[in-house]
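Remarks on the structure that follows.
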Amino acid sequence: MHSTENSFTYAQVESTLARVFDIRDGGMKAFRGRIIHFQRLGLTPSKPGKGKRIVYTREDVFKWAMSLELAEFSIEPTTIRFIIHNCWHDIRPHLLCDAVCDKYFFFHPFFLGRDLPTADQLGLNRVPETSLAAKVIGGLSEIDQMAENAHAIGRRFMAKAKARYGLIDLGHLRREVESALAA
């Protein structure tokens with residue numbers, strides 16, 4: 001099965017992701033296990049139907065790539081599934097658009113609120129203007145702008161968020177995946 005512009009076989013997806021994440025032969029078994037685990041969690045199609053092959057879309061490739069980026073932060077796969085499910089609508093346009101993307105996926109390690117007092121917990125479903133837990137931003141200057149509105153977020157959380165966070169360059173990820181898909 002050959003790829004068309006927007007459909008890919010599992011072998012093409014695996015090869016693309018291995019190139020993007022610089023996986024060598026010795027690491028392929030563990031890498032393959034990780035991407036299959038994400039598939040079993042429901043991030044991408046896993047069951048095509050009897051006698052049919054699964055055809056993956058460009059969007060599926062990017063969901064896997066974003067999941068693997070989050071895994072680099074040692075986030076559990078089920079938590080990654082939660083993040084992708086709740087944030088994909090914000091992330092998707094920046095990975096699948098034709099325009100130049102200079103956006104970042106910003107998140108605080110406490111974005112699920114497990115380790116914060118109840119009063120400071122911020123979930124992924126908050127109103128975007130007041131949520132800092134996980135969001136697509138144009139640059140770190142947006143964090144400073146949000147700090148000015150610390151009353152909406154919580155001063156203690158804002159201080160922690162500025163000191164420790166995760167950042168994924170969506171433009172870089174998009175360019176790497178597109179380049180690997182073209183190879």
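A short reminder: the numbers here are calculations on the coordinates, not readings from a lab. On a predicted model such as this, the values are computed, not experimentally measured, just so you know. Every residue, glycine among them, receives a Cβ derived from its backbone with ideal geometry; neighbour counts consider all protein chains shown.
Work through the residues other than Asp169 whose Cβ is under 10 Å from its Cβ and net out their charges, Lys, Arg +1 and Asp, Glu -1. Don't skip to the end; give the middle numbers.
Values: positive: Lys103, Arg174, Arg175; negative: Glu69, Asp102, Glu176.
Net of charged neighbours comes to 0.
For segment 28-96, GluC sites (Glu not before Pro) meeting the loop criterion (DSSP other than H, G, I, E, B) and having at most 16 other Cβ atoms within 10 Å: Glu72.
Of the trypsin sites (Lys or Arg not before Pro) found in segment 1-105, the ones in coil according to DSSP and having at most 15 other Cβ atoms within 10 Å of their Cβ are Arg24, Lys50, Lys52, Arg53.
Using θ = phi - 60° in the Karplus curve 6.51 cos²θ - 1.76 cosθ + 1.60, the 3J(HN,Hα) couplings for segment 81-93 round to 4, 4, 5, 4, 4, 8, 10, 4, 4, 8, 7, 3, x Hz; x is entered for Gly and Pro. Cβ-Cβ distance of Ala30 and His172, R₀ of 30 Å, FRET efficiency by 1/(1 + (r/R0)^6): the value works out to about 0.80. Note on Ser179 and Ala11: their simple-model spin labels are 2.5 nm apart, each label 7 Å out from Cα toward Cβ.
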